[in-house]
Number of protein chains: 2
Amino acid sequence: MAEVSEEATRVSGIADVARLAGVSKSTASRALSGSGYVSPATRERVTAAAVALGYVPSTNAQSLATGRTQNVGVVMPYVNRWFFAEVLEGIQSALLERGLDLTLYDATPGSDRRRRIFDDFLARKRFDGLIAVGLEPQEDELDRMLSFDKPVVSVIGSSPRTSVVTIDDEDAASRATGHLLALGHTRIVFLGGGAGARDHHVEASRVRGYREAMAEAGLAHEVRHLPATLSMPDGYAAAVDLLSDPRERPTAIVAACDEVAIGAMVAARRLGIQVPAGLSIIGIDDHEYADMFALTTMQQIPREQGATAVELLIRQIEDPAAEVVDVVLKPRLVVRSSTAPLGRGAVPRIDAAG
Amino acid sequence: MAEVSEEATRVSGIADVARLAGVSKSTASRALSGSGYVSPATRERVTAAAVALGYVPSTNAQSLATGRTQNVGVVMPYVNRWFFAEVLEGIQSALLERGLDLTLYDATPGSDRRRRIFDDFLARKRFDGLIAVGLEPQEDELDRMLSFDKPVVSVIGSSPRTSVVTIDDEDAASRATGHLLALGHTRIVFLGGGAGARDHHVEASRVRGYREAMAEAGLAHEVRHLPATLSMPDGYAAAVDLLSDPRERPTAIVAACDEVAIGAMVAARRLGIQVPAGLSIIGIDDHEYADMFALTTMQQIPREQGATAVELLIRQIEDPAAEVVDVVLKPRLVVRSSTAPLGRGAVPRIDAAG
DNA sequence: TTGAAAGCGATACCAC
DNA sequence: GTGGTATCGCTTTCAA
């Protein structure tokens with residue numbers, strides 16, 4: 001390693017570029033950053049010199065001088081769940097397109113790590129803005145993020161103090177329930193959410209949407225919510241409980257998300273219950289696996305939510321006075337074959353598409 | 001926003017701390033960074049002043065002065081696959097413990113984005129070291145990463161030029177196959193891998209392990225590899241093909257990874273084939289869902305691989321002369337109930353644990 | 001043990 | 001249009 005770097009040409013700075021182009025540092029800087037007057041001829045010479053030297057500006061020096069870091073911080077509670085991973089990818093590509101780096105803060109809820117992230121790491125302000133994914137009501141954390149005096153955009157969750165990108169969770173759950181009602185189901189259970197100690201905004205909204213749809217259909221007495229973490233294994237376990245007793249068994253399930261829905265499907269099959277013949281299941285997400293499980297679901301596209309969040313953030317970085325906006329997406333119903341009219345469910349086809 | 005920042009106290013720098021403590025900037029710096037001589041009394045006064053002012057050093061200025069960024073770059077092809085997400089979490093927590101930031105470069109294979117990451121982003125050298133996860137043989141990309149003259153550690157893949165953390169893929173597949181052979185199976189198919197254009201090192205090694213185990217058992221003529229992407233939907237689709245024709249059907253499957261294995265299980269159930277009664281399936285990973293699907297598998301713990309990678313990297317950052325090492329982990333067999341002796345498979349139990 | 005001053009590598013204001 | 005120079009905030013010799 002040592003011998004390589006000794007032979008290698010010293011990394012060149014803007015001073016080298018200026019020298020080679022026969023201009024001053026200031027002119028070189030102006031020519032390269034594109035701000036300020038430089039004659040076309042000079043600009044060309046400087047650019048050529050930069051290319052010739054393989055000049056790469058030091059972002060550190062730039063940041064020091066300008067106060068801009070060219071970097072965006074992303075705070076999210078998990079990275080190993082479909083929704084979050086997709087949002088992350090959406091954010092990443094939107095950022096890359098604009099030449100911005102992404103610093104990830106994986107802040108598992110309730111962990112010491114999370115506290116440290118908020119107390120120490122974020123305080124370094126190595127970002128021009130922050131995207132908070134699924135941080136939920138936690139007011140103190142939001143306070144903290146806003147205290148840095150840099151723009152913040154939330155994905156998921158409602159906050160009057162930041163721009164927000166989210167789906168209308170209540171509406172999504174309500175329409176999912178409506179789909180089942182339209183198929184003639186009345187014994188409809190809502191599965192998942194409300195399992196943790198804290199009140200999760202997304203989960204609560206979805207439960208509410210379900211409740212209201214049931215109430216509107218005059219089925220308030222049939223309302224039944226079975227809590228579970230928003231994960232496939234937990235959805236599976238909860239569904240096994242739910243479905244084991246034939247007398248208590250519903251004819252349809254609205255799952256809090258696709259992972260839970262798929263867990264429920266697996267449980268149903270394990271118990272010998274045909275889906276959708278014996279049980280209809282609808283989810284919310286349109287998860288990567290939804291197609292293979294032929295899952296009917298309310299589709300959201302987290303990748304686009306991530307990209308939108310970046311857009312909103314950039315806007316605010318460029319113009320701090322830009323207004324805070326909410327982008328509320330309406331998921332669309334994607335019908336596959338995990339739902340069927342009550343009592344007339346067809347046995348699912350067997351092929352790659354499910 | 002403007003009015004807030006105007007009322008707020010100006011963010012304080014080390015100069016303010018020094019002034020408050022009644023010492024010079026240099027002394028303050030020494031006291032805070034812990035390098036160089038400072039009398040205990042002075043140190044205390046400086047520390048107190050720093051706390052009083054809520055001083056947070058500017059990492060940019062620090063980096064500019066020291067050349068250290070306090071930041072590690074992580075390059076990985078996906079973030080939405082179990083293995084990668086887990087490795088990422090492992091890396092993140094190890095980094096946070098040491099006060100280092102993590103910049104993520106999600107370099108989807110073959111994308112323009114990926115090229116840009118290598119050409120432009122990495123070139124900024126905003127990191128003290130790089131962790132490359134699953135970058136595979138790509139020599140040119142490795143060249144590029146090494147050209148920055150900063151330490152690089154790979155997770156997965158073998159490279160004589162960087163430290164590597166990986167499992168012994170060949171051994172894993174070979175032992176997985178051995179497990180099936182021991183149960184009396186002979187018609188064993190290897191499912192997954194080898195689907196893309198490029199030769200994926202991990203996949204190739206696993207296939208080889210399978211081949212050799214079969215050959216050693218005198219079953220070279222039974223060797224059969226069905227390609228598929230390492231994803232659940234693809235594993236599912238490939239398995240549907242494989243299992244549809246009863247005459248061609250194997251009695252056991254070694255899957256290239258758990259996602260493929262689970263896809264195959266779902267396919268089997270869809271086709272009415274009992275697992276393990278009619279078909280044994282073994283995977284490699286010990287995926288989050290393995291338990292719920294009662295999948296027998298060769299366990300690896302990617303989270304720990306990530307943490308190990310961080311350790312190796314730090315060591316090299318602190319001592320560039322530190323030797324390059326390979327950490328090769330041996331997965332252990334976790335027997336659940338997706339595998340059974342040939343012809344005597346029990347019907348799986350029905351409970352939460354699978 | 002402490003302080004003064006010279007960088008680190010850019011940007012940006014202000015003359016020319 | 002272009003160049004000189006102060007500046008961003010910290011670290012780090014080198015004297016004292």
Relative contact order of chain A (C-alpha contacts under 8 Å, at least 6 apart) in percent is 16
If one builds a Gaussian network model of chain A from Cα atoms under 10 Å apart, the most fluctuating residue listed among A:261, A:173, A:18 is A:18
Expressed as a whole number, the average count of other chain Cβ atoms within 10 Å around the Cβ atoms of B:120-128 is 4
Within 10 Å of the Cβ of an average residue in A:286-297, the count of other chain Cβ atoms is 3
The exposure ranking of A:297, A:229, fewest beta-carbon neighbours within 10 Å first, is A:229, A:297
Taking R0 as 22 Å and r as the Cβ-Cβ distance between residue A:61 and residue B:51, the FRET efficiency 1/(1 + (r/R0)^6), rounded to the nearest 0.05, comes to 0.15
Expected max-MSF residue from A:133, A:325, A:56 in the GNM of chain A (alpha carbon, under 10 Å) is A:56
Per-residue Cβ contact counts at 10 Å, fewest first, order B:304, B:86 as B:304, B:86
GNM on chain A, Cα springs under 10 Å; top mean-square fluctuation among A:28, A:252, A:238 goes to A:28
Shielding of B:89-95 by other chains, given as the mean Cβ count within 10 Å, works out to 3
In whole Å, largest first, the alpha carbons of chain A cover along the principal axes 87, 44, 40
Relative contact order in percent for the stretch A:169-300 (Cα pairs under 8 Å, 6+ apart) equals 26
One finds the C-alpha centres of the stretch A:24-86 and the stretch B:240-302 to be spaced, in Å, by 49
For the stretch A:123-128, Karplus-derived ³J(HN,Hα) couplings (6.51, -1.76, 1.60; θ = phi - 60°; whole Hz; x for glycine and proline) come out as 4, 6, 6, 8, 7, 8
The set of residues whose placed amide H lies less than 5 Å from the amide H of residue B:326, leaving out same-chain residues fewer than 5 positions away, is B:164
Of the stretch B:115-154, those with amide N under 18 Å from the point 7 Å along the Cα→Cβ vector of residue B:319 are B:151-153
For residue A:19 and residue A:147, extending 7 Å from Cα along the Cα-Cβ vector and measuring point to point gives, in nm, a value of 4.7
Expressed to one decimal in nm², the mean projection of the alpha carbon convex hull of the protein assembly as shown is 35.5
Simple spin-label estimate for residue B:116/residue A:197, 7 Å along Cα→Cβ, in nm, reads 4.3
If B:203, A:311, A:44 are placed from fewest to most neighbouring beta carbons inside 10 Å, the sequence is A:44, A:311, B:203
Straight-line reach check, residue B:25, cutoff 23 Å on alpha carbons, 8 or more apart in-chain or any other chain, hits among lysines -> A:125
Per-residue ellipticity at 222 nm attributable to helices in chain B (runs of n ≥ 4 DSSP H, -39500 (n - 2.57) apiece, nearest 500 deg cm²/dmol) works out to -12500 deg cm²/dmol
Once both label points are put 7 Å beyond Cα along the C-beta direction, the residue A:247-residue B:333 separation in nm becomes 4.6
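Here, each number is a calculation from the coordinates, and none is a lab measurement. Computed from a predicted model, the values in this text were never measured in an experiment. Glycine gets a Cβ as well: all are built from the backbone with ideal geometry, and neighbour counts include every protein chain shown.
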